[in-house]
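Undergrad: Before we start, here is the structure in question, set down as structure tokens.
Taken together, the values in this text are just the output of simple stated rules run on the coordinates, not laboratory data. None of these values were measured; they are calculated from a predicted model. Positions of Cβ are backbone-derived with ideal geometry, glycine not excepted, and every protein chain shown enters the neighbour counts.
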Amino acid sequence: MADQKAILKVGEKELELPIYSGTAGQDVIDVRTLGASGYFTFDPGFMATGSCESEITYIDGNKGVLLHRGYSIEELARDADYIEVCYMLLHGEAPSKEQYEEFKHTITRHTLVHDQVNNFFRGFRRDAHPMAMLCGTVGALSSFYHDDLDISDPEQRLRSAYRLVAKMPTLVAMCYKYNIGQPFVYPRNDLSYAANFLNMMFSVPAEKYQISAAVERAMDRIFILHADHEQNASTSTVRLAGSSGANPYACIAAGVASLWGPAHGGANEACLNMLEEIGSVDRIPEFIAKAKDKNDPFRLMGFGHRVYKNYDPRATVMRESCHEVLKELNVNDPLLDVAMELERIALSDPYFAEKKLFPNVDFYSGIILKAIGIPTNMFTCIFALARTVGWISHWHEMLSQPGQKIGRPRQLYTGHAQRPYTPLKK
Ligand code: SDX
């Protein structure tokens, strides 16, 4: 119910638009009746547009706050595991011990993909980018499950959500194994979600793979820190695709595609490539100058954020994890020296302070993933793996809301006015 109203004067007309307040964050002005007045709102990039009502995640960009179902990311990263976070994103509350065990059992037993999925990989070049293979194979899951899914049935929606959360690690590991020409490794039900993923990535039939507890914990924490993030580009893509009634597997494939961009989830791969291009601490000033140069399209990958204008709380947790993992693995990575020095210089440079540019979640995740032994071109696949639960939770929430409509934005048309067509004399 609106507790305030905005008055919009257009020409002689005066429009009353309801203002709604949420639990926290900005109030919203409801412009749904504006169309009847002959006007559209205009907000390319959706800098000031609320696209939906959601109870899943809250972000305060100025205070660096990130809550999942009201629980802070700092507490979840410290005291929960990814399976618990998946449960609360999907179901709204933290699980009881029994709910946790049942949910973990269910997810574990959906990790296998149909054996014919293996054949899809044969069509890719060996050097195909893993995200290209992931886009294709996730979408292809639609061909296995499209006929047993009534998306108006919450139970069937949740079953496809469980399948996707369970199968993404298997598909991501298959992309990696296909790239390096090693045999696919089947999931193991005796391992945790993170350990099972690491095993499918790094074990080979010829010998037992020893899973480091520190690496397993770091992997699980990376999954937690990437699980959901409100209405970011890829989540909004999934919502828009889902608003037409598209199959959830196709919607998640759309999310994977959107995440791939270097301005979004592709930033962790782009950040590591940038650190490798910088190469040494003494070259940092040259790249800082490029980042400041208006005529140079270069940007510091892993820096800046549309919403966080002080710091990204995930980056803070990720930074701690980064140092823990490197210490535990006794990794002395010169790229970390470059990263630390780049962070120090950027944070002390008035340009970056004025533009509110600071390390985001992607800045440190790439360094940890590299320390774990994951190749740079796999980083965004890991992000997609972790974000699948966020995407499918938003899809599930959208379809559970009454009066849900297909998303269909309008535009400001600046093309030609109508003009006669002169047929081509062939
Ligand atoms: C993710 O939305 C989400 O929540 C995303 C995400 C999630 O969990 O889903 O958090 C994950 O995508 C994190 C962001 C990862 N991307 C990068 O690290 C790529 C580098 N960052 C930028 O491309 C940029 O900061 C964005 C895309 C993240 C945000 O861009 P905005 O909000 O559209 O801001 P902008 O591009 O208009 O930049 C504002 C100013 C510009 O200068 P002016 O035109 O005002 O003079 O800041 C400058 C930009 O040139 N700027 C940068 C910069 N980012 C912005 N300058 C140098 N280096 C950068 N990284």
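Undergrad: Please give the charge dipole size of the chain, origin at the Cα centre, charges +1 on K and R Cβ atoms and -1 on D and E Cβ atoms. Round to the nearest 20 debye.
TA: Numbers: 44 positive and 51 negative charges, 337 e Å.
The calculation lands at about 1620 debye.
Undergrad: Sorted by average packing, counted as other Cβ atoms within 10 angstrom per residue and highest first, what order do 313-324, 6-17, 385-396, 122-133 take? Kindly include the intermediate steps, with their values, before the conclusion.
TA: Values: 313-324: 20.2, 6-17: 11.1, 385-396: 26.7, 122-133: 14.9.
Peptide ranking by packing, descending: 385-396, 313-324, 122-133, 6-17.
Undergrad: Further question: Sorted by packing (mean other beta-carbon atoms within 10 Å per residue), highest first, where do 241-247, 216-222 land?
TA: Working: 241-247: 18.3, 216-222: 24.6.
Per-residue Cβ counts within 10 Å, averaged per peptide and sorted highest first, yield 216-222, 241-247.
Undergrad: With Cβ to Cβ distances under 11 Å as the rule, what net charge do the other residues near residue 114 carry (K, R +1; D, E -1)?
TA: Details: positive: 163, 167; negative: 115.
So the environment of residue 114 carries a net charge of +1.
Undergrad: So how strong a dipole does the stretch 4-50 carry about its Cα centre when Lys and Arg Cβ are +1 and Asp and Glu Cβ are -1, to the nearest 20 debye? Spell out each step's value before the answer.
TA: Values: 4 positive and 6 negative charges, 8 e Å.
Value, rounded to 20: 40 debye.
Undergrad: May I ask you to list the trypsin sites (Lys or Arg not before Pro) in the stretch 324-378 that are in a DSSP loop and have at most 16 other Cβ atoms within 10 Å of their Cβ?
TA: 355, 356
Undergrad: Cross-link partners among lysines for residue 5, C-alpha distance below 17 Å, same-chain residues fewer than 8 apart left out?
TA: Counting by Cα, and skipping residues close in sequence, residue 5 has these lysines nearby: 13.
Undergrad: Cα gyration tensor of the stretch 4-50, axes a ≥ b ≥ c as square roots of the eigenvalues: rounded (a/c below 1.5), prolate (a/b > b/c) or oblate?
TA: Details: a/c = 2.59, a/b = 1.36, b/c = 1.90.
In terms of gyration-tensor shape, oblate.
Undergrad: Loop-only check: which trypsin sites (Lys or Arg not before Pro) in the stretch 59-93 are DSSP coil with at most 16 other Cβ within 10 angstrom?
TA: On the way: sites: 63, 69, 78; in loops: 63, 69.
Loop-located and lightly packed - 63.
Undergrad: Further question on the same structure: In this model, which of 104/405; 208/370; 177/370; 290/327; 294/356; 9/309 are farther than 25 Å apart at the alpha-carbon? Working shown, then result.
TA: Working: 104/405 33 Å; 208/370 22 Å; 177/370 17 Å; 290/327 32 Å; 294/356 16 Å; 9/309 32 Å.
104/405; 290/327; 9/309, as the Cα separations exceed 25 Å there.
Undergrad: Still on this structure, I have one more. Between 133, 361, 335, whose Cα lies farthest towards the positive end of the dipole of the chain when Lys and Arg beta carbons carry +1 and Asp and Glu beta carbons carry -1, centred on the Cα centre?
TA: 133
Undergrad: Where the only charges are on Cβ atoms (+1 Lys, Arg; -1 Asp, Glu), what is the dipole of the stretch 233-332 about its Cα centre, to the nearest 20 debye?
TA: Working: 11 positive and 11 negative charges, 99 e Å.
The calculated dipole for the stretch 233-332 is roughly 480 debye.
Undergrad: Put +1 on the Cβ of each Lys and Arg and -1 on the Cβ of each Asp and Glu in the stretch 17-88; which of 65, 77, 18 then has its Cα farthest toward the positive end of the dipole?
TA: 18
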